[in-house]
Amino acid sequence: MGKYLEAVKEYARDYVLENTGLKVLALLITAVLWLSVASRPLSRVTLRDVPIEFRNLPDSPTLIVSKADTLTAQVFVEGARDAIDALRSGEVAVVAEMSGVTEPGVRVIRLKLDTSHLPASLKATSFEPRSIGVTVERVIEKELPVVPRFDGQPPPGFERTGWQISPATVRVSGAESQVRDVTELSTETVSLAHKTAPFNDRVAIYKGALNLNIIDEGGNDVMLSVIIGEVQKERVIDHVPVALFGAPPRREPSPRFVRVTLFGAASAVDAMSAADLSVAVQYDQGSRKSGRLAPNVIVAPGYSEVVTVRSVEPASVRVR
C-alpha cells in the first residue's frame, strides 16, 4: 500500500511540475480572455417607435380596434455594443393582448414585451407605456361610389368633356364610426396636363386616413376613362335656305330661310357656313292636312362627325 501511495505522489508531482511553463501560459491566456469579456462595458439603447401589435381580438373581423392612445412604444435594451449594433427591428415586440375583449367599447389594455426573438446577449429592461386606452368597434360594410381626382387642365383649345370609372362602386368594410359617414371614395390624383385626346388609365383608390378595407375582387384599383377633345362651342348660322320636296308645282316653303344652331368642335363650327347645311321639308298627304312641316337638317360630310344640330328656328314651316 505504501508503494502505491508513493507512486501516486510521484505521478502527481510530475503532472504538476512537467511543462510548467506551458501550463502557466495557458492560465495567463485564459485569464486575459476572461478579463476582456468581463471588462467589456454594457451599452444601453432606447428603441423608439416600436409598433404595438394587437393580438387575439375575439370575433375578428367582426370587431376592430378603431382608435388607440398610441400605436408605438419605447423599449429599453442593454447589452454588448456589438450585439446592440446588430439589433434588427422585429427582434423585440410590444404586444396588446386583446383576448379578453368581447364587446365594443373603450378598454384599457396592459402591454407586455415579446422578447422571444431577442439575442441572448441582450436584455430588454423596461418599456413605455405600460398600458394604453383603445376603442373597439363593430365592423360594417357599405357600397361607395368612386369619383376621379383630377389635377390641372388640358392645353389651350382642349377640354375634358366626360369620364367613366369601372367599377363605378366598391364595397368597403371598417369601423362603424368611420364607414357610417363616408359617402364616396376618390382615386389618386390624375394629371390632365398635356392631354389632348381620350385616354384610359388604371388608378388606385385613395382612402386617405380612413382605416377601410376594400373587399371587392377588383382590389384597390379601378379603370378610369377620360374623354378629352377640342373645346366645344355653339354658333348660330342665319339665312339657311329651305328645300321643298314632293310638293305640287309653284308651291314654296314659308319662310324660305331658317336659323340653325350648331354645337361641336370650335374649329369645325367656326369654319362652317350656310353652304355646309342642307335643310329640307317633305310634302305629303299628312302635310296638306296639318299645314306645317318640320325641316330636316343635314350637316355636310367632314363636319358631321364633330358637329351636331341643336335647334332650327322656326321649328316648322308652311307650304304655300
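Test D276 against the criterion of being of a type in the set (D, E), open to solvent by 70 Å² or more (accessible area, probe 1.4 Å) and modelled with pLDDT of 95 or more, and give yes or no.
Criteria not met by D276.
For a quick check of your reading of the model, give me the residue pairs whose first member lies in region 26-50 and is at pLDDT below 60, whose second is surrounded by 11 or more Cβ atoms within 10 Å (Cβ to Cβ), with beta-carbon atoms closer than 7 Å and at least 6 apart or on different chains.
Final answer for the pair search is R40/A80.
Can you tell which of T187, T115 is surrounded by 13 or more Cβ atoms within 10 Å (Cβ to Cβ), polar (S, T, N, Q) and touching a Phe, Trp or Tyr at 6+ places or on another chain (Cβ under 9 Å)? I'd like the intermediate steps shown before the answer.
Working: T115 fails: touching a Phe, Trp or Tyr at 6+ places or on another chain (Cβ under 9 Å).
When all the criteria are applied, what remains is T187.
Restricting attention to region 255-268, which residues are open to solvent by less than 40 Å² (accessible area, probe 1.4 Å) and assigned to a strand (DSSP E or B)? So that I can check it myself, show each step before the final result.
Our first condition is that a residue be open to solvent by less than 40 Å² (accessible area, probe 1.4 Å); within region 255-268, this holds for 258, 260-262, 264-266, 268.
Within region 255-268, V258, V260, T261, L262, G264, A265 qualify.
Just to be sure before I move on: is R250 at pLDDT below 90 and open to solvent by 60 Å² or more (accessible area, probe 1.4 Å) in the structure I sent?
On the way: at pLDDT below 90: yes; open to solvent by 60 Å² or more (accessible area, probe 1.4 Å): yes.
The answer is yes for R250.
Looking at (1) surrounded by 14 or more Cβ atoms within 10 Å (Cβ to Cβ); (2) out of contact with any strand residue (DSSP E or B) (no Cβ under 7 Å at 6 or more places or on another chain); (3) at pLDDT 95 or above, which is the one condition that is false for L144?
The single condition L144 does not satisfy is (2).
Return only the number of the condition from (1) out of contact with any Leu (no Cβ under 6 Å at 6 or more places or on another chain); (2) assigned to a strand (DSSP E or B); (3) at pLDDT 95 or above that L244 does not satisfy.
Here L244 clears every test but (3).
The values are calculated or read from the model by the stated rules, or taken from the named source; none is laboratory data. None of these values were measured; they are calculated from a predicted model. In this analysis, Cβ positions are derived from the backbone assuming ideal geometry, glycine residues included, and neighbour counts consider all displayed protein chains. Please note that ligands, DNA and RNA were not included when accessible areas were found on the heavy atoms of the full protein model with its side chains. Shrake-Rupley method; radii C 1.70, N 1.55, O 1.52, S 1.80 Å.
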